[in-house]
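The values are calculated or read from the model by the stated rules, or taken from the named source; none is laboratory data. Note that the coordinates shown come from a computational prediction; the quantities given were computed from them, not determined experimentally. No Cβ is skipped: glycine too gets one built from the backbone with ideal geometry, and neighbour counts run over all protein chains shown. Quick note on the areas: whole protein, heavy atoms, side chains included, nothing else; ligands and nucleic acids left out. Shrake-Rupley method; radii C 1.70, N 1.55, O 1.52, S 1.80 Å.
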Amino acid sequence: ENRFFRELLDVLGTDEIDGNDQYREDLWPRQTECLARVFASRTRDDWSARFADTDACVSPVLNLDEARNDAHLAARQTFIDVDGVVQPAPAPRFSRTPGRIRCAPGAAPSDPRSALRDWGLEPDAITELMDGGARPAAH
């Protein structure tokens, strides 16, 4: 909605974007460039503090550790601990058929190809991913 867009622009402190031009698709590339430049001028935490008590629709991108400690997500029990492993809770949640995690996640496979096979990928797709540089995340 326009009022949230205007709030965004007010907090950002930019007059390069006219609040009336929100839906002007021809201006989106220029607006995107402006927003990227303005957001890059401060840290994520600084922007989070500036937007904390506003109606602008802005939220920081959090890593897993930050997300599980976020007050908003904690209040909604978004993350749960299963056998010592913190992970997202099942969603959506229904009163008559609540989702649940039935077991802890298995250990990370030493061979990423076996995990990809377990997930149902075909050998050619696995080769393409691995040849393209796909690798397991370091923990």
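Report yes if residue 134 is over 18 Å from residue 14 (Cα atoms), in contact with a strand residue (DSSP E or B) (Cβ under 6 Å, 6 or more places away or on another chain) and not hydroxyl-bearing (Ser, Thr, Tyr), otherwise no.
Details: over 18 Å from residue 14 (Cα atoms): yes; in contact with a strand residue (DSSP E or B) (Cβ under 6 Å, 6 or more places away or on another chain): no; not hydroxyl-bearing (Ser, Thr, Tyr): yes.
Criteria not met by residue 134.
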Residues of segment 58-83 being part of a loop (DSSP other than H, G, I, E, B), open to solvent by 80 Å² or more (accessible area, probe 1.4 Å), free of Cβ contacts under 8 Å to residues at least 12 places away in the same chain and under 27 Å from residue 1 (Cα atoms), which ones?
59, 76
Note down all Cβ pairs under 7 Å where the first residue falls in segment 86-106 and is closer than 18 Å to residue 73 by Cβ, the second is part of a loop (DSSP other than H, G, I, E, B) and among the β-branched types (Val, Ile, Thr), and they're at least six residues apart or on different chains.
88/78; 89/78; 90/101
Selection from segment 104-121 of residues that are closer than 22 Å to residue 89 by Cα and open to solvent by 90 Å² or more (accessible area, probe 1.4 Å)
107, 119
Starting from segment 15-30, take each residue that is open to solvent by 100 Å² or more (accessible area, probe 1.4 Å) and list its partners that are aliphatic (A, V, I, L, M), counting only C-beta distances under 9 angstrom and pairs at least six apart or across chains.
15/9; 30/17
Scan segment 84-102 for residues that are part of a loop (DSSP other than H, G, I, E, B) and either acidic (Asp, Glu) or open to solvent by less than 90 Å² (accessible area, probe 1.4 Å) (or both) and jot them down.
84, 89, 90, 91, 92, 98, 99, 101
